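S.K.: What follows is a structure written as structure tokens; I'll ask about it next.
The values are calculated or read from the model by the stated rules, or taken from the named source; none is laboratory data. Just so you know, these numbers come straight off a predicted model, no measurement behind them. Cβ sites come from the backbone with ideal geometry, for glycine too, and all protein chains shown count toward neighbours.
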């Protein structure tokens, strides 16, 4: 990778525990995106879900249109549009419109669907989701990049001489990213189309469940076969993080919310077993010790990101899951600490300051002597207008 600057961002599924106003929860999500925009975060991604009771954004496009009006610099991504649930022409039209309305601040993330329960409500066989995602994305890319009429007769959608009347603001398309979990399917599709990747199970990699280098190799091999090109700078890793001034404070901040997330959402709602034994008041410590969650200080996060860079061979952006394990003030404080002490470490922002400081420290004694001599000379000089001056 020729550009060493690492991007930073927020990934909002979002996760909201049951029991409070969903309207206010959505408002907090918007406020958090605006907050990290002011901190200098590069990106914010928002998911699409239709069931579970926890993940309450059904249309990332609508949500991001509102977020765009509250932000100035941050890029906004769909993380991700569940392509099998929509006609590809409708998806392409919505994304291109959003691309224009934001003057090119949109990233287009796609996936097969976040919950099997969503597909079941729509009467879609879960085994067809990945195949339909790939079929849809190929059509969407074609619509965005070519004005020749396109006709497709698919098992689940039809196009008759279709043309996008509004062309993308970003050419040839908004940046595209395919979600990737543990299987190689997402990496292979990204390689085929020369797209970016959103890797969502990175936390497991510290335990050896996901081989990041092998994952990227899948994307490169697929790109070679298709005659396309993939770039590590378009690879985004998503990890769960909460940072405080001390590790103890970070653990205390997240103890209740982290356990609730693991037991009420992961285990009770999605049916996946909790990977640690508990009891509930020890789940956060156990997940941190397992390496699945980063709960600690800015130095701890610097160490984890550095290790991920080494393990993966390099990537372009690190994204933090938008959870509410801690009170909102502590969540904001976590992002502030990341912006102040972690981002500069990976973006070269301190290089000139450190170099200047080192130079002055090396010359400190001599500079002090020169300053003292200049001061003494100034004191000895006769006042202006004195006789003989």
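S.K.: When you scan the stretch 344-355, do you find a residue that is touching a residue at least 24 places away in the same chain (Cβ under 8 Å), surrounded by 10 or more Cβ atoms within 10 Å (Cβ to Cβ) and not in a helix (DSSP H, G or I), even just one?
M.R.: Yes, because at least one residue in the stretch 344-355 is touching a residue at least 24 places away in the same chain (Cβ under 8 Å), surrounded by 10 or more Cβ atoms within 10 Å (Cβ to Cβ) and not in a helix (DSSP H, G or I).
S.K.: Can you name every residue in the stretch 241-279 that is touching a residue at least 40 places away in the same chain (Cβ under 8 Å) and outside any helix (DSSP H, G or I)?
M.R.: 241, 242, 243, 244, 245, 246, 269, 270
S.K.: Next question. In the stretch 153-183, how many are closer than 18 Å to residue 83 by Cβ and in a loop (DSSP other than H, G, I, E, B)?
M.R.: 11
S.K.: Also: Can residue 311 be described as assigned to a helix (DSSP H, G or I) and in contact with a strand residue (DSSP E or B) (Cβ under 7 Å, 6 or more places away or on another chain)?
M.R.: no
S.K.: State whether one or more residues within the stretch 227-237 are under 27 Å from residue 76 (Cα atoms), at pLDDT below 95 and surrounded by 20 or more Cβ atoms within 10 Å (Cβ to Cβ).
M.R.: Looking for residues that are under 27 Å from residue 76 (Cα atoms), at pLDDT below 95 and surrounded by 20 or more Cβ atoms within 10 Å (Cβ to Cβ), one finds none in the stretch 227-237, hence no.
S.K.: Working carefully through the options 237, 301, 319, find the one that is within 17 Å of residue 347 (Cα to Cα), touching a strand residue (DSSP E or B) at 6+ places or on another chain (Cβ under 7 Å) and in a helix (DSSP H, G or I).
M.R.: Going through 237, 301, 319 in turn, just one is within 17 Å of residue 347 (Cα to Cα), touching a strand residue (DSSP E or B) at 6+ places or on another chain (Cβ under 7 Å) and in a helix (DSSP H, G or I): 301.
S.K.: Name the one entry in 342, 294, 304, 331 that is modelled with pLDDT of 95 or more and more than 21 Å from residue 13 (Cβ to Cβ).
M.R.: From the options 342, 294, 304, 331, the qualifying one is 342.
S.K.: Please go through (1) surrounded by 14 or more Cβ atoms within 10 Å (Cβ to Cβ); (2) over 18 Å from the mean Cα position of the chain (by Cα) for residue 21 and return the number of the only condition it doesn't satisfy.
M.R.: (1)
S.K.: Name the residues in the stretch 65-96 that are surrounded by 16 or more Cβ atoms within 10 Å (Cβ to Cβ) and farther than 24 Å from residue 134 by Cα, would you?
M.R.: Correct list: 65, 67, 68, 71, 74, 75.
S.K.: When you go through 134, 190 one by one, which is the residue that is closer than 17 Å to residue 229 by Cα, surrounded by 16 or more Cβ atoms within 10 Å (Cβ to Cβ) and free of Cβ contacts under 8 Å to residues at least 60 places away in the same chain?
M.R.: The unique qualifying residue is 190.
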